[in-house]
Each structure stands twice: as C-alpha cells, then as structure tokens.
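Chemist: This is the structure, below, for whatever I ask next.
The values are calculated or read from the model by the stated rules, or taken from the named source; none is laboratory data. Please read these numbers as outputs of a predicted model, since none were measured by experiment. Here the Cβ positions follow ideal geometry from the backbone for every residue, glycine too, while neighbour counts run over all protein chains shown.
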Amino acid sequence: MKVKLDSMNTSYHRLSFLEREEISRGLARGETFTSIAIALRRSKSAISREVNAAGINKHAYRAATAEKRAARQTKNKHRKRKIETNPKLRNYAINKLRCRWSPKQIEKQLKIDYPDNKEMLASHETIYSYIYVLPRGELKKELLSCLRTKRKHRRKRTRLNNKGFEKKIEDMISIEERPKEVASRTVPGHWEGDLIVGRYNKSAIGTLVERTTRTTILIPLKRRDAKTVRMAFAREAKNLPKQMRLTLTYDQGREMAEHKLFTKETKMRVYFAHPRSPWERGTNENTNGLIRQFFPKGTDFNKISRKEIKHVQRLLNGRPRKCLDFRKPYEVFRELVALET
C-alpha cells in the first residue's frame, strides 16, 4: 500500500534534536528521504527541506550542526532589525534612498555623520533586508524603484558546485595585496575587468578599463568559458604598451579561472576583489553603465559584430570625461605613454 507521506502531520512542529540524529544516522546508512520520513512519521518534503537547508552534501549532514542552525534561524526570525526599531536611522536611510543613494553609500555616510553613535550605524545588507522584507505597499514599491537594479527580489549570492559548496578559483591573489599605488591612481597601467552579459545569459562581451585614464577596451567573445575569456583578454592586453599593462583587478567570476596563464602571457598580475563587492572595481562598474547606453539589457551580443563593438569603444574613448577635466581618455592615455617612453 502506498503511504501518503504529506498527510502524516497536518499540524507541523519543528524537528527535534533526536529526530535530527535519526536523519543523520539514516543518511549514513544510505537510506532515502522517503524511508527516513516513514520512520519519523514526517513528510518527505520536511526531511528534504531539513537536509537541503544545511547547504551541503547530504552525506555531510550532522544533527548537532543542524540544531544550532535551526536555533539561530528561530532567534533571527523573531529579532527586529535595528533599522525597524530606530525611527531616526530609518528616516535617514529612506531619505537617502529617495535621493538615489545606494545602500553601500548610505552605510559609508552614516559612519561619517555619526562616528561615535553605534545606534546610527547600519550595514548595506541591513538596509537591503529592510527594503525586501517590507510588506507590499507604496513604500516598498517606491524604495525598490530607488535601487539601481530595481529588482523585486534579492538574488542568491553564492555560486555552488555539484557538491553544494561555493566553487573557488585556485591561487587567487586578494585585492588586499594589490600595490597601494593602484588605489591612488598615481601610476597608470592598472586595469579593472568584467563581463557584460547579454540576453538570457547566452552571450557576453569583455570590458577592460584603465583606472587613471578611463581608457576602455571592449572585447568580443564567442563563449564565456575560462579559456575563451583568457585568450581574448590576453590578445587585447598584449597590444598595449608594456608600461601600460601592470595589473588587472577582477571579481571572482569563474571566467577568470585561468588567471595564472593570463599573467604568464601578459605579465599582468591579477588581483581578485572580495565577493559581492562591486565598489572595489568602481571604475569598471561605472563604465559598464556607460556601455549599457549603447548595448542595453537584453542585447544579444552574438548578433553584434566586432566592428560595431569596436566602434562603441572608439566613441567611449573619444568622449570628454568630467573626471579627466573634460579631456578624452585616448588623449590622456597617449600623453602618459609618451611621457614613459
């Protein structure tokens, strides 16, 4: 007779520590979620949710760890955020959002405006979570419209491999080890890189931006795999004068997994920004926004020719920039190269 598991417990109560131990033992014996659910008189979905919530391979599930996680989640569920209990902080954040400030900018400004008042400090994650947990209504709609991306839901921020662990790039060199001269922009030749992804994530172009001159290189890509990206980026980099290819700062996207080969081919050392920290490559992020004027979201880059992409590159580099006292990136780049030779 087929057992209808989901009807076993009409009034759900959370798993006990003893039940979690039975789940752990059952998984160690190779039992299925169904057989464990029958033994505990729980639904199969309850067992599946419990194991998957750990975010690890099911064979690594441990009762004690799961119990601590559940207790922490229960505590967090009933704990009010600082921004909800502090009207002054809440109004400050809302006013800045209405001025189109990002949560990260608000976090930094709070530290400047209230350096000695811990009650008036909030992380960008706290501000984001406040916005996204607001009930449906005009305020939530308004604040979401103030965000640059205007997403209605927060994305999951981890990239997992098939075992449930975040996949890391081997031998990454942290941005914290990057020479101080890069941050000051006093020495040219330091670049930031990224991909701009096209429609349905099926196409992309690469972008390289020089931090001092804002010179931009757009790189046509046939694919987004690490080998294709490494070869395309290296081909463009090797066309640069030697003194103008010193370092590259990139995010932790898997397309830069062959960074050691890239460094060997170009002599440019690659530094990786912290996860989910686009402000550490602010020049590149701002430039990507300018590029989107020509290639808006939804563009299929497979249908854009190399000639068109390079035409946009010339337009960007031939346009006066306020940060360069309204000089053009190409002009400043050529002058600095001439000084170095």
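Chemist: Restricting attention to the range 213-222, which residues are in contact with a strand residue (DSSP E or B) (Cβ under 9 Å, 6 or more places away or on another chain) and either surrounded by fewer than 20 Cβ atoms within 10 Å (Cβ to Cβ) or at pLDDT below 95 (or both)?
Modeler: Correct list: Pro220 only.
Chemist: Next question, about the same structure. Can you find a residue in the range 120-131 that is modelled with pLDDT of 90 or more, touching a Leu at 6+ places or on another chain (Cβ under 7 Å) and assigned to a helix (DSSP H, G or I)?
Modeler: yes
Chemist: Let me ask something additional. Collect the residues in the range 270-305 that are surrounded by fewer than 18 Cβ atoms within 10 Å (Cβ to Cβ), outside any helix (DSSP H, G or I) and touching a Leu at 6+ places or on another chain (Cβ under 9 Å), keeping them in residue-number order.
Modeler: Answer for the range 270-305, where residues must be surrounded by fewer than 18 Cβ atoms within 10 Å (Cβ to Cβ), outside any helix (DSSP H, G or I) and touching a Leu at 6+ places or on another chain (Cβ under 9 Å): just Phe294.
Chemist: Quick one: in the range 151-170, of everything that is closer than 30 Å to Arg214 by Cβ and surrounded by 10 or more Cβ atoms within 10 Å (Cβ to Cβ), which residue is modelled with the lowest pLDDT?
Modeler: Only one residue tops the list, namely Arg159.
Chemist: Applying the selection to the range 81-109, what residues are in contact with a helix residue (DSSP H, G or I) (Cβ under 6 Å, 6 or more places away or on another chain) and either of a type in the set (Ser, Thr, Tyr) or crowded, with 18+ Cβ neighbours inside 10 Å (or both)?
Modeler: Of everything in the range 81-109, those that are in contact with a helix residue (DSSP H, G or I) (Cβ under 6 Å, 6 or more places away or on another chain) and either of a type in the set (Ser, Thr, Tyr) or crowded, with 18+ Cβ neighbours inside 10 Å (or both) turn out to be Ile83, Leu89, Ala93, Lys96, Leu97, Pro103, Ile106, Glu107.
Chemist: Okay, moving on. Go through the range 182-199 and give me each residue that's in a helix (DSSP H, G or I) and surrounded by 14 or more Cβ atoms within 10 Å (Cβ to Cβ).
Modeler: Val182
Chemist: Let me confirm something: among Ala237, Ala232, Ala204, which residue is surrounded by 21 or more Cβ atoms within 10 Å (Cβ to Cβ), over 19 Å from Asp171 (Cα atoms), among the aliphatic types (A, V, I, L, M) and more than 22 Å from the chain's Cα centre (by Cα)?
Modeler: Ala237
Chemist: Please enumerate the residues belonging to the range 316-337 that are in a helix (DSSP H, G or I) and either in contact (Cβ under 8 Å) with a residue 60 or more places away in the chain or of a type in the set (A, V, I, L, M, F, W, C) (or both).
Modeler: Leu316, Asn317, Cys323, Leu324, Pro329, Tyr330, Val332, Phe333, Leu336, Val337
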